[in-house]
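**Student:** Have a look at this one before I ask anything.
The values are calculated or read from the model by the stated rules, or taken from the named source; none is laboratory data. Computed from a predicted model, the values in this text were never measured in an experiment. Every residue, glycine among them, receives a Cβ derived from its backbone with ideal geometry; neighbour counts consider all protein chains shown.
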Amino acid sequence: MSDGFDNLINKLEHAQHKMESMNGTHDYKWSELFPDSFMKDHTKSASINEFFSDLGVTDKKSFDALPQQKLEKKIQTETDFESWRAMNERAAAEMALRQSGLL
């Protein structure tokens with residue numbers, strides 16, 4: 001019984017350390033934030049690249065040039081989310097859980 005509890009404590013401590021290391025500002029690749037599993041679960045696309053392909057987004061520059069209204073319309077029609085912000089927040093939360101070992 002003690003081993004199971006000790007394992008749980010160790011897992012939670014590991015998760016805490018991983019979460020602490022994620023504090024602050026970080027640059028993540030699209031594929032880290034939006035892995036294929038996330039895209040398949042929450043969108044009509046199999047990958048983030050597929051999702052952006054018809055919008056002409058291939059890099060940060062083309063993403064920054066994309067009209068916000070066009071992105072928001074695609075989010076609302078092809079995802080589980082009401083906005084790009086909501087999609088990002090969910091993706092970030094799931095990434096944090098994956099990296100911490102809790103998901």
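**Student:** Across segment 8-35, which residue is modelled with the highest pLDDT among those that are aliphatic (A, V, I, L, M) and either exposed (fewer than 11 other Cβ atoms within 10 Å of the Cβ) or touching a strand residue (DSSP E or B) at 6+ places or on another chain (Cβ under 6 Å) (or both)?
**Tutor:** Out of the qualifying residues, it is Ile9.
**Student:** Select from segment 63-103 the residues that are part of a helix (DSSP H, G or I) and of a type in the set (Phe, Trp, Tyr) and write down the one among them that is modelled with the highest pLDDT.
**Tutor:** Trp84
**Student:** While we're here: Hey, does segment 42-49 have a residue that's surrounded by fewer than 14 Cβ atoms within 10 Å (Cβ to Cβ) and at pLDDT 95 or above?
**Tutor:** Scanning segment 42-49, I find at least one residue that is surrounded by fewer than 14 Cβ atoms within 10 Å (Cβ to Cβ) and at pLDDT 95 or above, so the answer is yes.
**Student:** So Lys60 clears everything in (1) closer than 18 Å to His42 by Cβ; (2) within 18 Å of the chain's Cα centre (by Cα); (3) free of Cβ contacts under 8 Å to residues at least 60 places away in the same chain except one condition, right? Which one?
**Tutor:** Unmet condition: (1).
**Student:** Among the numbered conditions (1) modelled with pLDDT of 60 or more; (2) assigned to a helix (DSSP H, G or I); (3) surrounded by fewer than 13 Cβ atoms within 10 Å (Cβ to Cβ), tell me where Phe38 comes up short.
**Tutor:** Every condition holds for Phe38 apart from (3).
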